[in-house]
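Following: one structure in structure tokens, then a few remarks.
Bear in mind these aren't lab numbers, they're just calculated from the coordinates by the rules spelled out. Bear in mind that the values here come from a model prediction, so they are computed numbers and not experimental data. Neighbour counts run over all protein chains shown; Cβ positions are idealised from the backbone, glycine included.
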Amino acid sequence: MTIRAVLFDFSGTLFRLEQDESWLTELTDHSGDPLDIEAQAELMRRMTAPVGQVVELDAEHVHAWHHRDRDPELHRKVYLEVLKKSGVPHADQAKALYDRLIDPTQWTPYPDTEAALKAAAERGLRVGVLSNIAFDIRPAFTTRGWDAYVDEFVLSFEVGAVKPELEIFRKAVEALGVPAAETLMVGDSEEADGGARALGCEFALVDPLPTADRPDALLTALRGFGVA
């Protein structure tokens, strides 16, 4: 089957939230000591994990966790709790860090993100970005002019469905106007992004490595389906 459309996941696929030392230097633990390097790295992992509950939560916050990508208020509520449970007990520090984490202009693109988007667009494929997210990621593209390569953004908090639910994949392929069988989903989560297979899409898995360690995985994924 010929691929006529590509859907890209955002976090861990096109962009990655990389550790920025300037965000973390002022963070302190319960005793007032700065967070050590291991604690900082674990903090960033917990804030970007695509699936799986990352800390122990009470019933109220478990509910918020399961619905975080449908509702920005629930997203903020549960991630402030995650930060608190992850060694950032001071509310002002947690809020300042959270606001940076949800700023799409602070996210780092993978080295081949532009090339992959451009390659798909220039081949005449319909291109979409499909993300479980509770904030608008479009500025990450518009500030670089990459929105010119993207036909549709399908964001969970805007459409009220999350991967791997079939509804969000259905909305995405309908927005692109290409049958699922002719659509390739590229993402970093077998569980979430791989759910596109149930609708009939093809799927390519990429590893959410640090951007410096993953120079061309997107282009390799596209080449594997003859679209780059």
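Per-structure values
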item: Net charge of Cβ neighbours under 12 Å - reference A212; Lys, Arg +1; Asp, Glu -1; result: 0
item: Angle in degrees between helix 72-85 and the longest Cα principal axis of the chain, rounded to the nearest 10; result: 50 degrees
item: Most mobile of E56, E190, E167 in a GNM of the chain (Cα contacts under 10 Å); result: E56
item: Total formal charge among the other residues, if their Cβ is under 15 angstrom from that of A181, Lys/Arg +1 and Asp/Glu -1; result: +1
item: Helix-only [θ]222 nm of the chain, DSSP H runs n ≥ 4, -39500 (n - 2.57) each, per residue, nearest 500; result: -10500 deg cm²/dmol
item: Length added when fully stretched, R170-T142, from 0.36 nm per residue minus Cα-Cα; result: 7.6 nm
item: Added length on full extension, which subtracts the Cα-Cα distance from 0.36 nm per residue, Q106 to T2; result: 33.9 nm
item: C-alpha long axis of helix 91-101 to longest principal axis of the chain, angle in °; result: 20 degrees
item: Crossing angle, helix 37-48 versus the chain [Cα axis fit, 0-90 degrees, rounded to tens]; result: 50 degrees
